[in-house]
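Structure record follows, encoded as C-alpha cells.
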Amino acid sequence: MEKLGALVFGVILALALAAPQAQASGGGYCSEIQISCENGQVYPLCPIAVSDAGEIVTARLLLSPTHGVHVRHVPMGVGYRYIGRGIWLDGARGEAILFFGKNRPLACSVQRG
C-alpha cells in the first residue's frame, strides 16, 4: 500500500515530465506540475532529480518569482511527502496540504499545466 500512493503520484509526475517544459520565473525550467492552493496562489514544482520510475526525488518548490525551496521526497505509508527547510507538502493523489511551519496548513490540489 505504501508504494501505491507513491506510484500513483509518480505516474502523474511522469506524465507531466513528458509534457513540454515551461520556463520558470527564476530563469530555469519547470515541469507543468503546479500546486494550486486555497489562498489563490499557484506554486510550480521544478524537478531537479527524477528516478528511473519517473518519480520526482528532489525538486524546487517556487514560492514566488524570486524565491524557491529545495524539497526532497520522503516515502510514506500512503501518499507522499516532500520536505524542505520550514515547509512540507503532504498528499495523496491530486489532493495535498502545504505546511508553512507546524501550525500553518494550506489545502491545495496538484494540477498539471
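All of the numbers you see were taken from the coordinates with simple rules; none came from a lab. Small disclaimer: the values here were computed from a predicted structure and weren't measured. All Cβ positions, glycine included, derive from the backbone under ideal geometry; neighbour counts span all protein chains shown.
So, in the range 32-78, of the ones that are over 12 Å from the mean Cα position of the chain (by Cα), in a loop (DSSP other than H, G, I, E, B) and touching a residue at least 60 places away in the same chain (Cβ under 8 Å), which residue ends up surrounded by the fewest Cβ atoms within 10 Å (Cβ to Cβ)?
Across the range 32-78, the extreme among qualifying residues is Gly77.
Does the range 98-113 hold any residues that are surrounded by 16 or more Cβ atoms within 10 Å (Cβ to Cβ) and touching a Cys at 6+ places or on another chain (Cβ under 8 Å), and which are they?
Leu98, Leu106, Cys108
Just checking, does the range 95-107 include any residue being of a type in the set (A, V, I, L, M), closer than 18 Å to Ile48 by Cβ and part of a strand (DSSP E or B)?
Among the residues of the range 95-107, not one is of a type in the set (A, V, I, L, M), closer than 18 Å to Ile48 by Cβ and part of a strand (DSSP E or B), which makes the answer no.
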